[in-house]
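Only one structure is covered here, and it is reproduced in the block below.
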Amino acid sequence: MAVVSAKAGVKNAFTVDVEDYFQVEGFASAIDRRSWEGFRTRVGGSTSLLLDILAAHGVHATFFVLGWVARKHPEIVRQIVASGHEVASHGMSHRLIYTQTPEEFRRETHDAKALLEDLAQKPVAGYRAATYSITRRSLWALDILCEEGFRYDSSIFPMRHDRYGIPDAESEPHVLTTPAEASSSNFRSRCCATRARRFRLRAAVISGCSPTASRAGRCAS
């Protein structure tokens, strides 16, 4: 996770969701995913602008890239890496986790991670769910993330919301136990907006898998 040190000694994580305006959950009832290819994308231009701003201020960030965006615009992933930032996964299709089966989630998560690692030529350690949709009914996803080799997660929002949130979740970086007794941790997040895109400031971490949760040796100890 990219960390920015403030003058007062406070460390802040700056993170970005790399997705386009028509892919947000708020438009899901009006814009069918099958029509995404027909929309003119803006994510390339807004990401380039943000990278220039970060470079001007000497700030490093973590970019949670949607697999759909990476597949359509692989140059965005390469540009992020070339600028010295971390690439993390935002899944493939921006579907809410609790609307997927574990098998669907595993397949999509694996494919998005493999795609990003191929483009970045670096391991992808971090994950953030679409619309923060790891909730009490989808905590099973943490085990799959661990089994797929992720080291941290940024999907649990300590608040009440109609689509996401675990109100009594830790609001500071922490380690938790997944249903299969793997380890994960989560950071508090903040939110800010720009005209072209919405960026969220937040992060989280998975520290490893137990031997029994490891699949094909991909879990880190």
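The values are calculated or read from the model by the stated rules, or taken from the named source; none is laboratory data. Please read all numbers here as calculations on a predicted model, not as lab measurements. Because the Cβ atoms are built from the backbone with ideal geometry, glycine has one as well, and the counts that use them run over all protein chains shown.
Is it true that some residue in region 198-209 is among the charged types (D, E, K, R), modelled with pLDDT under 50, assigned to a loop (DSSP other than H, G, I, E, B) and within 20 Å of Thr15 (Cβ to Cβ)? Outline the logic, then answer.
Looking only at region 198-209, we keep the residues that are among the charged types (D, E, K, R), and these are 198, 200, 202.
Imposing the further condition that a residue be modelled with pLDDT under 50 reduces the set to 198, 200, 202.
Now narrow it down to the ones that are assigned to a loop (DSSP other than H, G, I, E, B): 202.
Next, only the ones that are within 20 Å of Thr15 (Cβ to Cβ) stay: 202.
Yes - at least one qualifying residue is present in region 198-209.
Residues that are closer than 17 Å to Glu117 by Cα and not small (Gly, Ala, Ser): does region 46-62 have at least one? Checking region 46-62: at least one residue is closer than 17 Å to Glu117 by Cα and not small (Gly, Ala, Ser).
Can you tell me which residue in region 150-165 is modelled with the highest pLDDT, limited to those that are touching a helix residue (DSSP H, G or I) at 6+ places or on another chain (Cβ under 8 Å) and surrounded by 22 or more Cβ atoms within 10 Å (Cβ to Cβ)? Among those that are touching a helix residue (DSSP H, G or I) at 6+ places or on another chain (Cβ under 8 Å) and surrounded by 22 or more Cβ atoms within 10 Å (Cβ to Cβ), it is Phe150.
For residues in region 28-46 being in contact (Cβ under 8 Å) with a residue 60 or more places away in the chain and under 22 Å from Ala129 (Cβ atoms), which is surrounded by the fewest Cβ atoms within 10 Å (Cβ to Cβ)?
Arg33
Look at (1) of a type in the set (S, T, N, Q); (2) under 13 Å from the mean Cα position of the chain (by Cα); (3) closer than 18 Å to Ile134 by Cα and you find that Thr101 fails only one, number (2).
Within region 103-124, being surrounded by fewer than 19 Cβ atoms within 10 Å (Cβ to Cβ) and among the polar types (S, T, N, Q) holds for one residue alone: Gln121.
Residues in region 47-62 that are surrounded by fewer than 19 Cβ atoms within 10 Å (Cβ to Cβ) and either free of Cβ contacts under 8 Å to residues at least 12 places away in the same chain or part of a loop (DSSP other than H, G, I, E, B) (or both): Asp52, Ile53, Ala56, His57, Gly58, Val59, His60.
Provide a single number: the residues in region 125-144 that are assigned to a loop (DSSP other than H, G, I, E, B) and crowded, with 24+ Cβ neighbours inside 10 Å. It would help to see each step written out before you state the result.
Start the filter on region 125-144 by keeping residues that are assigned to a loop (DSSP other than H, G, I, E, B), which leaves 125, 128-129, 133-135, 139.
This time we only want the ones that are crowded, with 24+ Cβ neighbours inside 10 Å, so: 128-129, 133-134.
Qualifying residue count, region 125-144: 4.
Of all residues in region 126-156, those satisfying the criterion of being over 17 Å from Glu103 (Cα atoms) and free of Cβ contacts under 8 Å to residues at least 60 places away in the same chain are Tyr132, Thr135, Arg136, Asp153, Ser155, Ile156.
Among (1) surrounded by fewer than 21 Cβ atoms within 10 Å (Cβ to Cβ); (2) touching a strand residue (DSSP E or B) at 6+ places or on another chain (Cβ under 7 Å); (3) of a type outside the set (A, V, I, L, M, F, W, C), there is one condition Thr178 misses while meeting the rest; what is its number? Unmet for Thr178, out of (1) surrounded by fewer than 21 Cβ atoms within 10 Å (Cβ to Cβ); (2) touching a strand residue (DSSP E or B) at 6+ places or on another chain (Cβ under 7 Å); (3) of a type outside the set (A, V, I, L, M, F, W, C): (1).
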